[in-house]
Amino acid sequence: MSPADGARAPRDIAAVAVVVPAHDEEALIGPCLAALATAARAVSSQVAVVVSVVLDRCTDGTAAAVRDAVRRWWPRSAVATLGNAVPRTIGELRTLGLDDALRRLGLVDLGRAWLLSTDADTRVPPDWMRRHLRHAAAGADAVAGMADLDSPHRLPPDVLCRYTALVDAGTAADAHTHVYAANLGVRADAFREAGGFPAVAAGEEHALLARLRAAGRHIVAPVDLRVRTSARTRGRAVGGLADLLGSLGAPMPAPGPGPGEWPRTGALR
């Protein structure tokens with residue numbers, strides 16, 4: 001069964017859960033949470049929205065920055081901070097946060113709950129949640145959005161050129177083949193049936209979508225659903241977008257399939 005064959009009848013979403021892993025993101029977590037708050041206000045007041053920030057062995061002031069951001073922009077009960085003091089894969093961290101968010105939502109129909117994944121160095125646009133929910137209401141089980149680089153001009157020209165070529169190679173007029181954990185949505189029942197994000201050190205978003213495709217779930221990849229993420233080349237997660245950007249400054253390997261294609265685990269994130 002193809003993803004299109006598996007499209008379900010439209011169903012409105014009643015609840016949204018967002019996970020934000022953060023490892024030493026004192027400078028960026030505040031703007032991330034502020035942007036999420038703006039996006040949450042753009043959806044219907046009938047839709048419950050909760051956020052789980054998973055602190056991954058932070059040694060800086062990230063926890064204090066989260067508290068300050070919540071005090072400024074969020075109802076106190078909407079955001080929970082989970083401390084994590086032991087090594088876990090990024091897939092486990094995202095699943096931990098979403099499981100906590102679903103628990104806090106209570107007895108919600110999993111078929112009407114939408115799970116969103118983003119990153120602490122990412123800012124979502126005001127219509128981000130609303131756009132995800134439109135695709136969900138139209139029958140999507142998962143939505144893979146795009147990510148634009150913040151201040152890309154700070155990259156060396158050859159790195160930016162190579163990265164742009166990789167993105168363009170997997171992007172058509174109305175769809176793309178990339179997967180970014182910073183801009184990913186999935187219906188809660190599909191997420192649970194897939195076993196959550198696989199416990200992998202990198203490429204967890206690719207691994208999750210591979211499971212969803214194998215189950216015949218309906219996946220859409222719109223090119224106009226975009227977030228803005230850091231263009232840094234020294235990141236917090238091994239194998240993430242920062243590592244990819246850093247690697248593009250080295251001599252290029254022999255041509256092959258682009259790293260952002262869904263069947264691969266070396267993610268564009």
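The values are calculated or read from the model by the stated rules, or taken from the named source; none is laboratory data. Owing to the predicted nature of the structure, the values given are computational and were not obtained by experimental measurement. Cβ sites come from the backbone with ideal geometry, for glycine too, and all protein chains shown count toward neighbours. Surface accessibility is based on the protein's heavy atoms, side chains included, excluding ligands, DNA and RNA. Shrake-Rupley method; radii C 1.70, N 1.55, O 1.52, S 1.80 Å.
The label point for residue 44 and the one for residue 14, both projected 7 Å from the Cα toward the Cβ, are 1.2 nm apart.
On a per residue basis, the chain carries 43 Å² of accessible surface, using protein heavy atoms and a 1.4 Å probe.
The 3J(HN,Hα) values that the Karplus relation (6.51, -1.76, 1.60; θ = phi - 60°) gives for the stretch 165-180 are, in residue order, 5, 4, 5, 4, 5, x, 10, 10, 5, 10, 6, 8, 10, 8, 9, 10 Hz. Gly and Pro appear as x.
Less than 10 Å Cβ to Cβ from residue 227, Lys/Arg counted +1 and Asp/Glu -1: what total charge do the surrounding residues give?
Net local charge, residue 227 excluded: 0.
With a simple spin-label model that places each label point 7 Å from the Cα along the Cα-to-Cβ direction, the separation between residue 64 and residue 199 comes to 3.5 nm.
Arranged from highest to lowest average of other beta-carbon atoms within 10 Å per residue, in what order do the peptides 113-122, 186-195, 208-217, 70-79 appear?
Listed from highest to lowest mean packing, they are 113-122, 186-195, 208-217, 70-79.
How large a share of the accessible area of the stretch 93-216, in percent, is made up of carbon and sulfur atoms when the probe is 1.4 Å and the other protein chains stay in place? Carbon-and-sulfur percentage of accessible area, whole number: 56. Expressed to the nearest 5 percent, the antiparallel share of DSSP beta bridges inside the chain is 30 percent. For residue 150, the residues 5 or more places off, or on other chains, whose built amide H falls under 5 Å of its own are 229, 230, 231.
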